[in-house]
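The values are calculated or read from the model by the stated rules, or taken from the named source; none is laboratory data. Model, not experiment: these values are computed from the prediction. So basically every Cβ, Gly included, is an ideal-geometry build from the backbone, and we count neighbours across all protein chains shown. Side chains are part of the model used for accessible areas, which takes the heavy atoms of the whole protein and leaves out ligands, DNA and RNA. Shrake-Rupley method; radii C 1.70, N 1.55, O 1.52, S 1.80 Å.
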Amino acid sequence: MDVAAAPLSPAWIAGSALAALAVLGYALWRAPWRRFASSEAVHVWYGTIFALVVLWSVRATIDRVVVIHLLGTAGFALASGGPLALVGGAVVVVLAALVHGTPLPNVPLVFLLSVAVPVGVALALLRATQRHLPPNFFVYAFAVGFLGPALGFGAAGVAGAAVLALTGAVDAAVVFGDYVPFLLYLAFAEGTLTGMLVTLLVVYRPQWMATFDDARYLR
């Protein structure tokens, strides 16, 4: 649930800006820029950014405040790794804001909820499967490729709903009673779309998936 249209107080704007700068600074520091020595990796990264901007353009706006659309950022993390996905996701947020006229003060909070949260959830589930589940291709395809993005979308949606309620943009009973239940359907769509793309890439372009290790999952 995007908060791009939510009216934010100066405190929310300042707090989200500081948190977003901290996350983005960490991502810029840890990003494996040496991967860009390969022109293919650069093209895949730029292509994913363009695809996500298009995906974010397929959106629904309710009551001029609640904005709902698929994210795709968890899949970005599985393909490029966490740091590069955070940096690329920041570019997506800025471009989408320019295209859709999002107030610029809202951009940091949108980045935190629509990029940092799903990326964090997807990578946390990836680490959990690597630690507790057998190194099997189907574990990666279903648990990581499908479940991770679905949970990441759900977490981002609930966090966005909480922000809308806390800021007074939408009544809490309305946002949690009427809007949040629909996130279950969209979470399934997010997981299905990402899971299908991840599976196809693992089969035909495994070099595009930074988090997929042939030696681990196909031994």
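Going by alpha carbons, how many degrees (0 to 90, nearest 10) lie between the helix axis of 182-204 and the longest principal axis of the chain?
20
Could you give the C-alpha radius of gyration of segment 83-204 expressed as a fraction of 2.2 N^0.38 Å, taking N as the number of residues it contains?
Relative to the 2.2 N^0.38 Å estimate, segment 83-204 comes out at 1.17.
From Cα pairs below 8 angstrom and at least 6 apart in sequence, can you work out the relative contact order of segment 21-92, rounded to a whole percent?
Working: 60 pairs, mean separation 29.5, N = 72.
Averaging sequence separation for qualifying contacts and normalising by length gives 41 percent for segment 21-92.
Considering only 70, 201, 78, give the residue with the highest GNM mean-square fluctuation for the chain, with springs between Cα atoms whenever their separation is below 10 Å.
201
Once the convex hull of the C-alpha atoms of segment 65-138 is built, how many Å³ does it hold per residue, rounded to a whole number?
Once divided by residue count, the hull of segment 65-138 is 103 Å³.
State to the nearest 20 debye the size of the charge dipole of the chain about its Cα centre, where the only charges are +1 on K and R beta carbons and -1 on D and E beta carbons.
640
For residue 82, what charge total do you get from the other residues with a beta carbon under 14 Å from its beta carbon, if Lys and Arg give +1 and Asp and Glu give -1?
Details: positive: 30, 35, 127; negative: none.
With Lys, Arg at +1 and Asp, Glu at -1, the neighbours total +3.
Please determine, in degrees from 0 to 90 and to the nearest 10, the orientation of helix 39-56 with respect to the longest principal axis defined by the Cα atoms of the chain, where the helix direction is its Cα long axis.
Long axis of 39-56 versus the principal axis of the chain: about 30 degrees.
Taking every Cα atom in the chain, find the radius of gyration and the maximum pairwise distance Dmax, and write them in Å.
Computed over the Cα atoms of the chain, radius of gyration and Dmax are 17.1, 54 Å.
May I ask you to give the solvent-accessible area per residue for segment 179-219, in square angstrom, as obtained with a 1.4 angstrom probe?
Per-residue accessible area for segment 179-219 comes out at 64 Å².
I'd like the distance between the alpha-carbon centres of segment 106-133 and segment 1-53, rounded to an integer number of Å.
Their Cα centres are 13 Å away from one another.
Taking the 0 to 90 degree range and rounding to the nearest ten, how far is the long axis of helix 117-132 tilted relative to the main principal axis of the chain, both from C-alpha atoms?
40
Sort all Cα-Cα distances of segment 2-108 into consecutive 5 angstrom bins from zero, then give the percent of pairs in each bin up to the one containing the longest distance.
In whole percents, the pair-distance histogram is 2, 12, 20, 22, 20, 14, 6, 3, 1, 0.
So how long is each side of segment 163-219 along the principal axes, counting just the alpha-carbon atoms, biggest first, in Å?
Principal axes ranked by extent give 52, 20, 17 Å for the Cα atoms.
Ignoring ligands, DNA and RNA, what percent of the 1.4 Å accessible area of segment 76-219 is carbon and sulfur?
Reported share for carbon and sulfur atoms: 72 percent.
Select from 151, 197, 134 the residue farthest towards the positive end of the dipole of segment 124-219; place +1 on Cβ of Lys and Arg, -1 on Cβ of Asp and Glu, and compute about the Cα centre.
Farthest towards the positive end: 134.
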